[in-house]
1. Within the range 61-72, does at least one residue satisfy the condition of being within 15 Å of L122 (Cβ to Cβ) and open to solvent by less than 40 Å² (accessible area, probe 1.4 Å)?
2. So, of the residues in the range 2-11 that are basic (K, R) and outside any loop (DSSP other than H, G, I, E, B), which turns out to be nearest to the chain's Cα centre (by Cα)?
3. Mind checking whether some residue in the range 46-56 is open to solvent by 50 Å² or more (accessible area, probe 1.4 Å) and more than 13 Å from the chain's Cα centre (by Cα)?
4. In the set L35, L21, which member is touching a helix residue (DSSP H, G or I) at 6+ places or on another chain (Cβ under 6 Å) and within 13 Å of I93 (Cβ to Cβ)?
5. Please state which one of E9, E42 is touching a residue at least 40 places away in the same chain (Cβ under 8 Å), open to solvent by 20 Å² or more (accessible area, probe 1.4 Å) and out of contact with any Phe, Trp or Tyr (no Cβ under 7 Å at 6 or more places or on another chain).
6. Which one is nearest to E112 (Cα to Cα), of the residues in the range 12-27 that are assigned to a loop (DSSP other than H, G, I, E, B) and either open to solvent by less than 30 Å² (accessible area, probe 1.4 Å) or among the small types (G, A, S) (or both)?
Amino acid sequence: MNIFSFKKENRITLRNEIDTLFRYGKVFYSGPLRLVYRIGKEGVPGIKILITVPRKKFRNATHRNRLKRLMREAYRLNHRNIIPETRILSLNIRAGLIYTGERHDVPFNDMEKWVTAALKHLAGEISAVKVTD
């Protein structure tokens with residue numbers, strides 16, 4: 001298995017999971033990124049993520065697609081720090097990354113910095129769950 005992959009089984013696709021994530025999830029802001037996440041013990045262990053850019057802020061589809069591509073790439077390169085923890089602890093993690101900024105011409109370095117900060121926060125929350133068990 002390639003550690004830098006981001007496959008379909010790692011994405012949230014079910015409407016029910018998306019609704020549950022936004023209804024009961026915790027929120028963390030990293031720059032213009034909003035991380036919504038849920039950590040639980042029930043369900044299949046592993047992490048699933050949703051990456052989205054609101055159409056209301058970015059009417060042009062090419063701008064939305066570019067931002068999503070940048071977020072996916074930053075996640076793909078940096079997610080390996082939290083994946084082993086979820087499998088070892090049998091945790092079910094659902095997370096959503098939403099871009100809430102105003103600019104569409106964001107450099108990749110900035111996006112990677114924000115995504116990395118969000119993932120570090122998520123890793124800290126996973127460690128907190130590990131300590132309480």
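The values are calculated or read from the model by the stated rules, or taken from the named source; none is laboratory data. None of these values were measured; they are calculated from a predicted model. FYI the Cβ positions are ideal-geometry reconstructions off the backbone, even for glycines, and counts take in every protein chain you see. Each accessible area value is taken on the protein alone, full model and side chains, heavy atoms only, with ligands, DNA and RNA left out. Shrake-Rupley method; radii C 1.70, N 1.55, O 1.52, S 1.80 Å.
1. The initial filter retains those residues of the range 61-72 that are within 15 Å of L122 (Cβ to Cβ), namely 71.
So of that shortlist, the ones also open to solvent by less than 40 Å² (accessible area, probe 1.4 Å) come out as 71.
The answer is yes, given that some residue of the range 61-72 is within 15 Å of L122 (Cβ to Cβ) and open to solvent by less than 40 Å² (accessible area, probe 1.4 Å).
2. The first filter runs over the range 2-11 and keeps only residues basic (K, R), leaving 7-8, 11.
Cutting the leftovers down to outside any loop (DSSP other than H, G, I, E, B) gives us 8, 11.
Numbers: K8: 14, R11: 9 Å.
Within the range 2-11, the match that is nearest to the chain's Cα centre (by Cα) is R11.
3. Yes, the conditions are met somewhere in the range 46-56.
4. Numbers: L21 fails: touching a helix residue (DSSP H, G or I) at 6+ places or on another chain (Cβ under 6 Å).
Step by step, each of L35, L21 is checked, and only L35 is touching a helix residue (DSSP H, G or I) at 6+ places or on another chain (Cβ under 6 Å) and within 13 Å of I93 (Cβ to Cβ).
5. On the way: E9 fails: touching a residue at least 40 places away in the same chain (Cβ under 8 Å).
After ruling out the rest, the residue left standing is E42.
6. Taking the range 12-27 and keeping what is assigned to a loop (DSSP other than H, G, I, E, B), we get 12-14, 25.
Keeping just the survivors that are either open to solvent by less than 30 Å² (accessible area, probe 1.4 Å) or among the small types (G, A, S) (or both) gives 12, 25.
Details: I12: 21, G25: 23 Å.
Taking the candidates together, the pick is I12.
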